[in-house]
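The values are calculated or read from the model by the stated rules, or taken from the named source; none is laboratory data. Not measured: the values here are computed from a predicted model. Cβ placement follows ideal geometry from the backbone for every residue including glycine, while neighbour counts extend to all protein chains displayed.
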Amino acid sequence: MRTNKFIKIFYHLNAAEKIAFRKWVHSPAFNKQEALVRLFDYLYRLDPEKEAHLLDRTVLFARAFPEASFHLPQLRHLLSDLMQLMESFLVYRYRQQKDLDFKLDLAAAYQTMKLEQPAKEALVAAKHLFDQQILHGMEHIEQAYRLQWMTYSLQEQGDRAEAQNLQALNDSFDMAYLAGKLKHACRVLSYQGMFSRQYDTGLLNKVLEYLEGKPELLKEPALGLYFYYYQAMTRFDQAGVAFAKFKQYLFDFQPVFSISETKDLYILAINYCIKRLNTEDKAFYLQETFDLYKGALEQGVLMEKGQLSPFTFSNIVAVALALGLEDWTDHFITGYSPKLDEKWRKAQTNYNRSRWYFQQKAYRKAADLLVADDFDDLHLNLSAKVLLLKVYYHLEELQLLDHLIRRFKTFLSRKKVMNYHQENYHNILRFMQRLVDLNPYSEKDKNKLRHEVEKTELLTEKAWFLEQLGNGDSRIRRFEDTRPPNNQ
């Protein structure tokens with residue numbers, strides 16, 4: 001029964017949450033089924049990792065109904081009831097942590113009961129909490145509208161002549177819509193870049209025109225941030241200026257945004273810089289990317305429950321190595337690899353340490369790490385294979401390189417890899433074979449290959465290939481033809 005929805009969610013709770021939920025299950029206000037309490041208490045004491053065999057359905061049924069014969073539908077019904085209790089508990093806990101929303105919900109509940117005075121008192125308490133807020137991100141803007149709406153709703157219920165907040169209600173609604181529309185537009189831009197898909201953006205152009213005519217509205221941090229980011233991404237003639245304003249807003253107003261929203265804003269900024277790495281300003285944006293990552297690390301906004309995502313970890317290593325910051329990278333890998341999820345830690349550490357060794361020209365050490373790990377993650381496996389190709393090339397291990405190229409082709413044919421990646425990896429393998437077979441003393445052949453590499457758009461290792469084809473024959477490896485015959 002480990003795959004049961006309730007069981008999976010329950011054992012995902014932390015210790016404090018489990019204790020609180022136990023009180024919820026035992027409270028007669030929420031549950032009056034003794035069988036449900038017996039089943040829950042049994043599950044509460046179990047360690048699902050060490051005692052998985054005790055989650056057998058017959059064992060669970062016997063614990064819940066000790067004097068009855070096994071009946072699976074009855075057990076499923078009981079687990080379903082437990083799941084309903086869990087869901088009501090989770091929603092309650094979530095809402096309780098949001099004091100202002102809780103007061104607004106309370107005001108709405110009193111209004112439904114026609115209790116005008118308690119509703120107004122709850123609204124006053126909500127306004128007090130709102131005025132004390134330090135954070136002024138998207139949630140603050142949305143709450144401002146909810147406050148104005150509840151104020152209007154109570155006034156209308158009492159005496160329509162008292163409804164004096166119509167302008168404030170309109171302004172808060174506009175602000176919530178404008179900020180939400182811009183934030184969503186920025187999200188759409190990032191998805192378009194990843195999936196080459198076009199989206200209907202509705203009234204976005206009208207929103208942009210309206211804000212251009214009302215620059216005073218951009219003083220609202222959330223509105224200004226998303227407006228300038230969108231301009232930077234779409235108005236190439238003003239991209240530099242718009243991104244500078246976005247970054248200034250980010251640094252100036254970071255304290256008024258929640259950690260989660262600050263993380264999203266840093267990721268937007270980093271993605272913008274990464275997209276500019278293929279322009280003539282590559283050096284500038286590479287440094288910008290590193291500075292943003294470093295700042296986000298120092299602020300702690302990239303961590304999720306104390307852990308760093310493997311994708312972010314690997315990206316930071318790539319950017320730092322591209323800037324030649326080898327000592328910094330060494331300390332980063334050592335310091336942050338323990339902050340990776342245990343599931344990915346060994347593979348990510350080995351792969352990124354091998355990149356560091358590669359940069360140090362310690363090719364044998366890089367090879368040892370790369371061949372010692374199976375790299376279960378598909379994309380990490382592919383990246384490791386590409387790095388190993390380059391390592392074998394530098395080590396002049398021709399037979400190993402030949403064998404890896406063949407295995408790599410077979411691997412691509414068997415795995416479900418997106419067309420974009422398929423084309424890129426096939427290009428890498430094609431040019432690697434061409435590079436190995438190249439006559440290093442023929443400038444004509446070398447120039448021809450260089451030209452083909454340069455004009456190939458989808459080639460993530462273009463810079464490395466061009467480096468091998470640079471001026472001077474010393475950069476072209478000269479191998480003895482020790483490869484096995486084609487029939488082997």
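How many residues are assigned to a helix (DSSP H, G or I), within 39 Å of the chain's Cα centre (by Cα) and loosely packed, with under 11 Cβ neighbours inside 10 Å when one looks only at the range 24-73? Final tally of qualifying residues: 2.
Looking only at the range 1-21, count every residue that is over 24 Å from LEU72 (Cα atoms) and either over 31 Å from the mean Cα position of the chain (by Cα) or free of Cβ contacts under 8 Å to residues at least 40 places away in the same chain (or both) and tell me the total.
First, pick out the residues of the range 1-21 that are over 24 Å from LEU72 (Cα atoms): 12-21.
Add one more test, that the residue is either over 31 Å from the mean Cα position of the chain (by Cα) or free of Cβ contacts under 8 Å to residues at least 40 places away in the same chain (or both), and what stays is 12-16, 18-19.
Looking only at that region, the number is 7.
Do we find a residue being part of a helix (DSSP H, G or I), among the small types (Gly, Ala, Ser) and surrounded by 15 or more Cβ atoms within 10 Å (Cβ to Cβ) anywhere in the range 294-309? Within the range 294-309 (the criterion being part of a helix (DSSP H, G or I), among the small types (Gly, Ala, Ser) and surrounded by 15 or more Cβ atoms within 10 Å (Cβ to Cβ)), the answer is yes, since at least one residue qualifies.
Conditions tested, residue by residue: (1) farther than 30 Å from PHE21 by Cα; (2) surrounded by fewer than 19 Cβ atoms within 10 Å (Cβ to Cβ).
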site	(1), (2)
ASP99	no, yes
PHE102	no, yes
ILE134	yes, yes
LEU154	yes, no
PHE173	yes, yes
ALA179	yes, no
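A count restricted to the range 364-396 and to residues that are more than 32 Å from the chain's Cα centre (by Cα) and either at pLDDT 95 or above or crowded, with 18+ Cβ neighbours inside 10 Å (or both) stands at 5. The conditions of being at pLDDT 95 or above and surrounded by 17 or more Cβ atoms within 10 Å (Cβ to Cβ) are met by PHE313. Modelled with pLDDT of 95 or more and of a type in the set (Phe, Trp, Tyr): which single residue out of TYR199, TYR226, TYR191 fits that description? Testing whether each residue is modelled with pLDDT of 95 or more and of a type in the set (Phe, Trp, Tyr) leaves just TYR226. LYS361 passes every criterion in (1) over 30 Å from the mean Cα position of the chain (by Cα); (2) in a helix (DSSP H, G or I); (3) under 24 Å from GLY470 (Cβ atoms) apart from (2). Taken across the range 182-202, residues that are in contact (Cβ under 8 Å) with a residue 24 or more places away in the chain, farther than 30 Å from CYS273 by Cβ and either part of a helix (DSSP H, G or I) or in the same structural domain as TYR226 (by TED's automatic domain parsing) (or both) do not occur at all.
Listed here are the residues, each with its yes/no results for (1) touching a strand residue (DSSP E or B) at 6+ places or on another chain (Cβ under 6 Å); (2) assigned to a helix (DSSP H, G or I); (3) not assigned by TED's automatic domain parsing to the domain that holds ASN315.
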position: ARG353; (1), (2), (3): no, yes, no
position: ASN381; (1), (2), (3): no, yes, no
position: THR410; (1), (2), (3): no, yes, yes
position: ASN427; (1), (2), (3): no, yes, yes
position: PRO440; (1), (2), (3): no, no, yes
position: ASP445; (1), (2), (3): no, yes, yes
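Residues that are part of a loop (DSSP other than H, G, I, E, B) and farther than 22 Å from ILE274 by Cα occur in the range 388-401; there is at least one.
Take the residues in the range 216-263 that are of a type in the set (D, E, K, R) and either touching a His at 6+ places or on another chain (Cβ under 9 Å) or assigned to a helix (DSSP H, G or I) (or both); name whichever of them is surrounded by the most Cβ atoms within 10 Å (Cβ to Cβ). If we take residues in the range 216-263 being of a type in the set (D, E, K, R) and either touching a His at 6+ places or on another chain (Cβ under 9 Å) or assigned to a helix (DSSP H, G or I) (or both), then LYS247 is surrounded by the most Cβ atoms within 10 Å (Cβ to Cβ).
When residues in the range 447-460 are screened for being assigned to a loop (DSSP other than H, G, I, E, B) and either farther than 25 Å from LYS385 by Cβ or in contact with an Asp or Glu (Cβ under 6 Å, 6 or more places away or on another chain) (or both), 1 of them pass.
Of all residues in the range 1-18, those satisfying the criterion of being in a helix (DSSP H, G or I) and surrounded by fewer than 12 Cβ atoms within 10 Å (Cβ to Cβ) are ALA15, ALA16.
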